[in-house]
Amino acid sequence: MPGFAARLETRIPPPLLALAAGALMWLAARYAPFAAFALPARMYLALGLGAAGLVLDAAALAAFVRARTTVNPLRPEKSSALVRSGAYRLSRNPMYLGLALLLAGWAIWLANALALALLPAFVAWLDRFQIRPEERALAARFGAEYEAYRARVRRWL
C-alpha cells in the first residue's frame, strides 16, 4: 500500500490548486491586515505578472493542442507526444510557471506579506505532488528522448 504522500500525487488538478491558493491568499489579506505592505505601482506590477502568466499558460496550452497530446495533469502517463517547442524550450513546466505568475500577481495586488508567503507553498506542492510524478511518467514513456530534453531545459526557468 502506497504511503499517504504517494496517494496525493497527481490527484489535485493544478488549476484547482491555484484557485485554492488564491482563495487562501485572499483570506490572509482579509484576516491579517497587519501583514499589509505598500508598494508603489503595485497595480501595474500585479497586472503585468498576471498578464504574463495568462500569456504563458495560453502559449503552453496551444503547444499541447498542436502536438495533439493530453493536457490532463492527472494522467501524465497518457501523454502521446513530448512537447519541446514554444515555451517548452525555456521551461519544462510553463503551464505551472504561468499559474505561479498569476498567483504572484494576485499576491502583489492584495499587497499582503502572508498572501505572498503562500506562493512558495504552492510551488513546493506542485514540485512534490505534480511535477516529480509527471517527470517519472514522462521518463518511463519517452526514455532517452525525455532525459535529453530534461538535461537541456530547466524545470522552472
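Each Lys and Arg adds +1 at its Cβ and each Asp and Glu adds -1 at its Cβ; summed about the Cα centre, the chain shows a dipole of about 300 debye. Equivalent ellipsoid of the stretch 98-157: semi-axes from √(5λ) of the C-alpha gyration tensor, largest first, are 31, 11, 7 Å. Treat each spin label as a single point 7 Å out from the Cα along the C-beta direction, and report the Leu54 to Arg155 distance in nm. Going by the 7 Å Cα→Cβ label model, 2.9 nm.
Of the three principal axes defined by the Cα atoms of the stretch 15-87, the extents in descending order read 49, 25, 12 Å.
Rg over Rh for the stretch 41-152 works out to 1.02, both radii taken from alpha-carbon positions and Rh defined as the Kirkwood radius.
Span-like helix check, the chain: qualifying full DSSP H segments, with Cα axial length of 30 Å or more and mean Kyte-Doolittle of -1.0 or more, are 42-67. From the alpha carbon centroid of the stretch 120-157 to that of the stretch 73-100 is 9 Å. Near Asn112, the amide H atoms lying under 5 Å from its own belong to Phe37; only residues 5 or more places off or on other chains count, and H is placed 1.01 Å from N.
GNM remark for the chain: springs join alpha carbons under 10 Å apart, and the peak mean-square fluctuation among Pro73, Pro15, Pro94 falls on Pro15.
No lab work stands behind these numbers, since they all come straight from the coordinates. Everything numeric here is computed off the predicted structure, so don't read it as measured data. All Cβ positions, glycine included, derive from the backbone under ideal geometry; neighbour counts span all protein chains shown.
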